[in-house]
Amino acid sequence: MRFELTKDFLEKLRQAIVEENNNWIIEHIHELHFADIADLLDQLSNEEAKYVYFQLTPDEQADVLMELEEEIRDRFLKSLSSKEIADQLENLDSDDAADILGELSDDKIQEVISQMDDDEAAEDIVELLNYDEDTAGGLMQKEFIQAKLDWSVSRCLVELRRQGEEVENVYTIYVVDDLNKLVGLLSLKKLIFADTAMHIRDLYQKKNIISAKTSDSSEDVANRMYKYDLVSIPVVDLQNKLVGRITIDDIVDIIKEEADKDFQMASGISDRIESSSSVWHISRARLPWLLIGMLGGIFAANVIAGFTNEISHIPTLALFIPLITAMGGNVGVQSSAIVVQALAKGNDHFDHFKKKIIKETFVGLLNGVFLASIIYGIALFFGNSTLGFVVSISLFVVIVFAGLFGTIIPLILNRYKIDPALATGPFVTTLNDVLGLFIYFTVGALLYNL
């Protein structure tokens, strides 16, 4: 049954905290999903949240801690001692523990590490902190199941039970040689149903092994797991030695972060914005593209100023300025969004985009003819056949060019290692506004012989 957080439940919980009624808290909190508990703690004060948090089991604490909003978690961790944080980290997977430690100051990290009782866990976390957070090394976890080539099935089952104590979810068994180099994969199902006298070398899959290097970007890893429909992927170092694995839950977080970043970029926000970001940070992130938009508006004003003679002779030309700029921007954003989406999936082959450009050209021609036909009749109502031709021809040309620009510009940005998501925002819109107005007034000047 889905939990619904109500004002009445919060009031009862706060009353239980005041009265230190731990039985009520345990009875009503333990039955909830950890994501619901995290939402609940978000609504409490820091002291209230701490009180409820420490009524949970260690496993529940670990799950809830990772579900808290980043702002709430940071505030919560700051209220804990180094020893209390160290105890929490020992209940987490190594990648999650490294993520939390990475949010702390260097001095605090040293303090927390020194307070950890599990030396092996501390070493794993320190190793992960040495990798860039946007790489496979920074994303991986050190908990995984591995088997040696020369092991028998019976020995592998014993080792599986031992190693499995540290691994929350077992998706695949990674097969390594004596040098700990990754040589293949073994499915859990195949191991369970195999004869116990058989050896791993007779069972494992050695072909089409998809892995990631520690230096691979997190975005590349996400694309690889998406392409091959993987729920986990082994991570190897430069010597092909197995050092970790990345699971699908971490990749979902990466995909969400990338989508949020691209959406903000497309909206003209250059830096990552969180709900807790300061007014100055938000303003600084928005200002660069607002300035570019303003500069584009100045260029557009100059284009209009250059055709004031035409407008003074044919005032009805001014009626369709918003239409031309709006349609150019809309078509450009539509085209660029499709290309950016393809680039995000790793489709950056020249032949693929050669076909895409040709296809967008035909789409622009078809849409241009259809919309130009409609606008001709509308413009005819406001003026005469000449005005109808001016608006319809201009709209047709603007739609075709906007579609091409929206397709080509993301490719150019991607070619020069600039985030192509920029093309879906003010960049293309501003360019199409200026170009659209120039085309519109040029066509008007030609057809009216001005």
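Consider Glu71 against the criteria (1) part of a helix (DSSP H, G or I); (2) surrounded by 14 or more Cβ atoms within 10 Å (Cβ to Cβ): it satisfies all of them except one. Which criterion is unmet? Glu71 satisfies every listed condition except (2). A Cβ distance below 6 Å, combined with a sequence gap of six or more or placement on separate chains, defines the contacts here; from region 312-336, residues that are surrounded by 14 or more Cβ atoms within 10 Å (Cβ to Cβ) reach residues that are charged (D, E, K, R) in the pairs Thr325/Asp433; Ser335/Glu360.
Suppose the filter is at pLDDT below 75, among the β-branched types (Val, Ile, Thr) and within 26 Å of Phe299 (Cβ to Cβ); does Thr407 pass it? So Thr407 does not fit the description; no.
Looking only at residues that are of a type in the set (Asp, Glu) and outside any helix (DSSP H, G or I) in region 141-163, which one is nearest to the chain's Cα centre (by Cα)? Top of the filtered list is Glu143. The condition of being in the same structural domain as Thr442 (by TED's automatic domain parsing), modelled with pLDDT of 80 or more and assigned to a helix (DSSP H, G or I) does not hold for Ala337.
When Gly138 is tested against the conditions (1) touching a Phe, Trp or Tyr at 6+ places or on another chain (Cβ under 7 Å); (2) more than 19 Å from Asp95 (Cα to Cα); (3) in a helix (DSSP H, G or I), the lone failure is (2). Return yes when Glu90 is at pLDDT below 85 and farther than 30 Å from Pro234 by Cα and no when it is not. Criteria not met by Glu90. Scanning region 341-368 for residues that are aliphatic (A, V, I, L, M), at pLDDT 75 or above and surrounded by 14 or more Cβ atoms within 10 Å (Cβ to Cβ) yields Ile357, Val363, Leu365.
The values are calculated or read from the model by the stated rules, or taken from the named source; none is laboratory data. What you are looking at is a predicted structure, and each value in this text was computed from that prediction instead of being measured. Because the Cβ atoms are built from the backbone with ideal geometry, glycine has one as well, and the counts that use them run over all protein chains shown.
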